[in-house]
2 protein chains.
Amino acid sequence: MSASQRLANADGLITELASIVGAGNCLSSQSETASYASDGRGLFAGSVLAVVKPATTEEVAAAVSACARAGHPVVPHGGNTGLCGGTAPGRHRRDVVVSLERMNRVRKLDIANDTITVEAGMILRNVQAAAAEADRYFPLSLNAEGSCQIGGNIATNAGGNAVLRYGNTRELVLGLEVVLADGSVFSDLRGLRKNNSGYDLKQLFIGSEGTLGIVTAATLRLFPARRQIETALLTLASLDDVVALYLDARQHAQEFLSAFELTPRIGLTMATQHVPDVVDPFAEPHPYYVLLELSSSQTRVGLKDILLELLERNLDAGRITDGVVAGSLRDAQSFWRIREGCVEAQRIAGPSYKHDVSVPISAIPGFINSTRATLELAYPSATIVAFGHVGDGNIHFNVCAGDMDREDFAVEQHAIEELVFDAVLSRGGSFSAEHGIGLLKRDALLRHTAPAGIALMHALKTALDPACRLNPGKVLRSPAAPNRKQDHASWSERT
Amino acid sequence: MSASQRLANADGLITELASIVGAGNCLSSQSETASYASDGRGLFAGSVLAVVKPATTEEVAAAVSACARAGHPVVPHGGNTGLCGGTAPGRHRRDVVVSLERMNRVRKLDIANDTITVEAGMILRNVQAAAAEADRYFPLSLNAEGSCQIGGNIATNAGGNAVLRYGNTRELVLGLEVVLADGSVFSDLRGLRKNNSGYDLKQLFIGSEGTLGIVTAATLRLFPARRQIETALLTLASLDDVVALYLDARQHAQEFLSAFELTPRIGLTMATQHVPDVVDPFAEPHPYYVLLELSSSQTRVGLKDILLELLERNLDAGRITDGVVAGSLRDAQSFWRIREGCVEAQRIAGPSYKHDVSVPISAIPGFINSTRATLELAYPSATIVAFGHVGDGNIHFNVCAGDMDREDFAVEQHAIEELVFDAVLSRGGSFSAEHGIGLLKRDALLRHTAPAGIALMHALKTALDPACRLNPGKVLRSPAAPNRKQDHASWSERT
């Protein structure tokens with residue numbers, strides 16, 4: 001095909017897409033599409049042929065089908081809060097971005113069944129609010145909840161702060177509606193808790209980052225509203241104590257334990273420096289801080305007594321050195337602000353390499369201590385902030401430039417990553433716990449996955465998207481897809 | 001290939017298999033293989049070329065690889081307690097049964113990580129016992145637990161009595177080791193609670209009934225031991241009251257609610273008639289009985305108070321008409337014997353058609369009442385026993401021959417099934433909640449699944465087992481597999 005033919009075909013596709021979603025919902029000028037041309041972190045930038053904003057599943061299906069016939073890739077777009085570049089289009093101005101933002105309704109709330117069926121573009125916080133209005137609790141919760149969309153949460157199998165008790169997004173999904181590569185629709189929104197009628201197809205799409213299908217709606221599990229919440233901020237002298245405290249809390253408060261979040265001293269220091277409303281409630285500095293939350297839907301349970309007994313026992317055992325128990329919702333929020341502020345402060349403080357890893361819980365102290373020590377020797381001016389979800393074995397091991405020269409820091413990215421990943425993998429861990437792969441970790445996936453696993457992933461991709469049109473190049477490198485010859489170099493990395 | 005060539009090839013394969021697993025673990029005479037030639041219920045019978053009993057994953061892999069090269073189908077075999085014929089070999093004496101029975105060890109117990117890694121042939125009750133020895137709880141529990149194997153539980157995504165609180169088998173699996181169709185091994189037994197590094201491949205194999213791979217080992221989640229258990233047997237006048245009680249229990253005792261099992265009067269009557277140790281603790285008959293269990297790992301929680309408050313409120317509201325609370329473990333066991341006896345009695349009482357269905361919880365009363373009424377009109381001599389896991393929406397809707405002529409009953413199988421399935425599907429339910437598909441429900445799967453779903457299942461099967469060698473014909477009809485032209489008629493149905 002000549003260049004002019006290609007151009008004419010692209011114009012024809014834009015016209016067809018506009019007729020599907022309405023001219024006002026099909027953007028194609030550079031200025032209109034600019035904000036869709038890179039991932040949310042700005043790590044990868046491409047160029048977009050068009051952005052369509054369908055209002056219904058039928059419109060998504062028709063748009064995907066039109067792109068398939070025209071041979072154009074489709075990039076699904078949610079709240080764009082992913083951290084691995086999963087929403088970045090290619091740079092050849094061929095990709096059609098399908099933004100789910102207009103599909104943001106609750107389709108059905110079934111109180112007796114404890115399920116809610118929502119469209120993919122619904123903001124996570126609005127899903128939480130719809131559950132709360134019905135006196136129910138939807139537990140998925142993460143820093144981006146004010147702007148991330150539930151479809152993106154599903155596509156990335158989002159984790160967050162409540163995994164300890166309620167599981168990852170995968171465990172919260174009872175049914176999906178998905179537009180497939182050819183524009184056909186797979187739908188099962190029955191919200192059944194037991195259904196062994198054939199392969200469980202929804203599992204394919206959860207966590208596949210839009211490469212096997214585009215989630216358009218989901219039926220989610222709801223839980224009873226929480227009637228009691230007890231939150232404590234505890235100080236500890238070592239990571240061994242942190243893990244010992246976690247194990248004790250799990251054994252003695254398992255039904256109620258709903259958060260166990262670790263922040264190291266450096267994280268609190270950075271948070272109080274950079275984020276105005278973060279306050280350190282302790283007079284003295286401490287090496288580690290744990291936010292521990294117990295919650296219950298039962299009003300009869302003496303939750304505070306259970307918490308106090310747990311704290312007392314661990315104070316006596318010398319695992320906890322100090323602590324404060326929230327006396328009000330405001331107190332609890334101020335404890336959470338430390339945990340959130342730790343993340344925000346790093347964003348403000350300058351460049352950093354984020355490693356979202358997991359290890360078996362028993363391996364957490366050894367992993368953090370030895371990796372930090374090695375890095376501090378090699379990069380004495382850098383700042384290591386290792387924090388996160390202890391109960392999930394999920395540590396955000398971030399290396400911040402600190403006082404390091406920015407160019408020196410940029411050169412070391414690969415070496416730092418290798419060092420962290422090696423430490424994780426040698427302990428039977430994962431180099432990507434909750435953030436996924438996108439573009440950013442494709443190479444790591446290839447390097448750190450056994451051939452049988454990579455072969456299975458490619459077999460799935462080929463089975464579901466043989467022409468490689470759905471979010472091509474994300475998770476897996478694409479086999480030569482027609483009209484698209486792109487590899488890593490096709491995305492200009494900004495950082 | 002001539003018949004004599006085929007025979008020589010088969011002999012060669014048997015010799016090769018014997019060299020892999022040892023002659024004593026490779027059975028090929030009719031008498032030795034007879035017990036492997038049909039499914040556990042005796043619904044389907046075939047003929048077996050050989051039965052191999054590997055001791056290691058490497059031996060499984062080598063056996064599967066040898067079969068693949070020789071073009072012979074492989075049928076994985078666990079405890080053979082499945083109810084849908086998933087273990088029945090074909091009838092042409094070509095299938096090689098791979099029995100996991102010798103792979104029955106605990107590979108690793110990681111207390112700090114709350115995980116246990118076991119081989120596929122381990123009996124479920126032994127997995128439970130290994131957890132209990134470590135002061136932990138493995139919640140999967142079902143009637144066949146004394147003989148079913150954990151590999152089979154995983155292959156069928158077994159449900160059972162604790163799904164309400166702990167989820168199906170799928171939710172209990174953190175990692176799998178699987179032998180693939182070509183004899184290669186996919187393994188991820190890290191036991192991580194968060195791992196988004198590429199597609200979650202283990203999900204493919206859970207519930208796929210040995211058609212996509214053979215599970216050889218698994219890493220499972222453990223929970224804190226239960227320190228308190230409160231069990232009550234309650235009587236109710238209507239199914240509306242049963243569901244109302246469930247909703248109240250869920251709202252007010254969610255963290256503790258670990259069983260909510262329904263037995264109708266006819267189930268209790270049959271149990272006391274046919275099963276010696278089943279006792280009706282009530283002086284008068286009641287339409288419905290609910291076994292309600294609360295449990296906690298916390299000793300400080302006033303679990304009995306929570307139970308008594310729940311019962312009092314529901315007695316006052318007129319939902320419960322009577323009830324007994326277990327005062328001892330023996331009492332609790334006698335309540336569970338009613339629920340188990342209901343199943344055993346049906347087996348003893350004569351032929352029955354079992355429908356393992358699920359509907360949204362709110363639809364349970366309407367589904368049971370109207371379907372029972374219709375069937376009672378059409379078959380006044382039959383006996384309807386509808387019981388099961390109310391909290392999962394999972395009803396075992398069984399139609400027993402009762403006083404009906406056996407031949408008349410046999411003729412009506414299809415009509416009865418259609419009637420029950422239509423009632424389920426019109427209410428947004430599933431025709432197979434926890435028992436799977438096997439051979440028995442293949443036609444139903446085809447009939448009651450949208451084309452996009454069936455197409456996806458075939459795409460998966462083709463991607464993972466292109467020559468259709470793994471448990472061929474189960475779940476999905478096989479496309480013409482080399483050397484194997486079989487359809488439904490290839491299995492002689494005994495009932």
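Details
- Each other residue within a Cβ distance under 9 Å of A:G160 adds +1 if Lys or Arg and -1 if Asp or Glu, for a net charge of -2.
- Expressed as a whole percent, the accessible area of the range B:157-210 that falls on carbon and sulfur atoms is 41 (1.4 Å probe).
- Principal axis extents of the C-alpha atoms in chain A (largest first, rounded to whole Å): 77, 58, 44.
- Distances between equivalent label points of B:R93 across the copies, with each point positioned 7 Å along Cα→Cβ, amount to 7.1 nm, shortest listed first.
- Using C-alpha pairs under 8 Å with a sequence gap of at least 6, the mean separation divided by the residue count of the range A:252-305 gives a relative contact order of 50 percent.
- Viscosity 0.692 mPa s, temperature 37 °C, Stokes-Einstein D of the range B:162-281 from Kirkwood C-alpha radius, µm²/s: 179
- Once all protein chains are placed together, A:E407 keeps about 140 Å² accessible to a 1.4 angstrom probe.
- B:R91, B:R69, reordered so the largest accessible area comes first (probe 1.4 Å): B:R69, B:R91
- For the chain pair B and A, buried accessible area totals roughly 6800 Å², probe 1.4 Å, rounded to the nearest 100.
- Once the Cα atoms are used to define both axes, helix B:329-349 deviates from the longest principal axis of chain B by about 60 degrees.
- Counted by Cβ distance under 10 Å from B:T81, the other residues give a net charge of -1, where Lys and Arg count +1 and Asp and Glu count -1.
- Surface analysis of the protein assembly as shown yields an accessible area of 35 Å² per residue, using protein heavy atoms and a 1.4 Å probe.
- In nanometres and ascending order, the distances from the B:G318 label point to those of the other copies are 6.4 (point 7 Å from Cα along Cα→Cβ).
- Amide H contacts of A:L222 (H built 1.01 Å from N, under 5 Å, at least 5 apart or other chain): A:T115, A:I116
- The aspartates and glutamates within cross-link reach of B:K108, meaning a Cα-to-Cα straight distance under 19 Å and a gap of 8 or more places when in the same chain, are B:E58, B:E119, B:E133, B:D135, B:E177, B:D188.
- Cβ-Cβ distance of A:R337 and A:A129, R₀ of 30 Å, FRET efficiency by 1/(1 + (r/R0)^6): the value works out to about 0.90.
- Column: log10 I(q)/I(0), Debye, Cα scatterers of the range B:351-462, q = 0.09 Å⁻¹: -0.25
- Shielded by partner chains, the range B:251-295 residues - at least 50 Å² of accessible area, 1.4 Å probe, vs chain alone: B:Q251, B:Q254, B:E255
- Residue-level accessible surface for B:R125, protein heavy atoms, 1.4 Å, Å²: 120
- Taking all protein chains as they are arranged and a probe of 1.4 Å, the heavy atoms of A:R105 leave approximately 130 Å² accessible to solvent.
- Normalised contact order of the range A:33-103, rounded percent, pairs of Cα under 8 Å and 6 or more residues apart: 48
- Position B:S238: other-copy label points at 6.4 nm, ordered by increasing distance, label point 7 Å along Cα→C-beta.
- Phi-derived couplings, Karplus 6.51 cos²θ - 1.76 cosθ + 1.60 at θ = phi - 60°, listed residue by residue for the range A:274-291: 9, 10, x, 8, 8, 10, 8, x, 9, 6, 10, x, 10, x, 9, 10, 10, 8 Hz, with x used for Gly and Pro.
- Helix A:364-378 and the long axis of chain A differ in direction by around 80°, with both axes built from C-alpha atoms.
- Charge dipole magnitude, Cβ of K and R +1, D and E -1 - the protein assembly as shown, Cα centre, debye nearest 20: 2160
- Percent RCO, i.e. relative contact order, over the range A:35-188, from Cα pairs under 8 Å lying at least 6 residues apart: 23
- Probe 1.4 Å, all protein chains present, accessible-area order of A:E133, B:E209, A:E16, largest first: A:E133, A:E16, B:E209
- Stokes-Einstein D (µm²/s) once Rh is taken as the Kirkwood radius of the range A:1-98 over alpha-carbon pairs, at 20 °C in 1.002 mPa s: 160
- Sulfur and carbon atoms: percent of accessible area, the range B:12-53 [1.4 Å]: 50
- Under Karplus coefficients 6.51, -1.76 and 1.60, residue-wise ³J(HN,Hα) of the range A:390-404 in Hz, glycine/proline x: 4, x, 9, x, 9, 10, 8, 9, 9, 10, 9, 4, x, 8, 6
- Placing +1 on each Lys and Arg Cβ and -1 on each Asp and Glu Cβ, with no other charges, gives the range A:357-438 a dipole about its Cα centre of roughly 340 debye.
- Projecting the Cα atoms of A:A283, A:L310, A:P351 onto the dipole axis of the range A:274-379, where Lys and Arg carry +1 and Asp and Glu carry -1 at the beta carbon, places A:P351 farthest toward the positive end.
- Angle between chain B longest axis and helix B:303-316 axis [Cα atoms, degrees, rounded to 10]: 60
- Altogether, the Stokes-Einstein calculation at 20 °C and 1.002 mPa s, with the Kirkwood radius of the protein assembly as shown over Cα pairs as Rh, returns a diffusion coefficient of 72 µm²/s.
- Figure note: A:Y353, A:Y289 ranked by solvent-accessible area, largest first, 1.4 Å probe, ligands and nucleic acids not counted: A:Y353, A:Y289.
- Rounded to the nearest Hz, the phi-derived 3J(HN,Hα) couplings of the range A:69-75 under the Karplus curve 6.51 cos²θ - 1.76 cosθ + 1.60 (θ = phi - 60°) are 5, 7, x, 10, x, 10, 10, where x marks glycine and proline.
- Applying a threshold of 23 Å to the alpha-carbon distances of A:K202/A:K474; A:K461/B:K441; A:K202/B:K474; A:K194/A:K474; A:K194/B:K202; A:K461/B:K461 flags A:K461/B:K441; A:K194/A:K474 as lying beyond it.
- 20 Å cut-off, amide nitrogen to a point 7 angstrom out along B:R477 Cα→Cβ, residues in the range A:188-225: A:197-199
The values are calculated or read from the model by the stated rules, or taken from the named source; none is laboratory data. Everything quoted here is computed from the prediction, not taken from an experiment. In this analysis, Cβ positions are derived from the backbone assuming ideal geometry, glycine residues included, and neighbour counts consider all displayed protein chains. We work out accessible area using only protein heavy atoms, side chains counted, and drop any ligands, DNA or RNA first. Shrake-Rupley method; radii C 1.70, N 1.55, O 1.52, S 1.80 Å.
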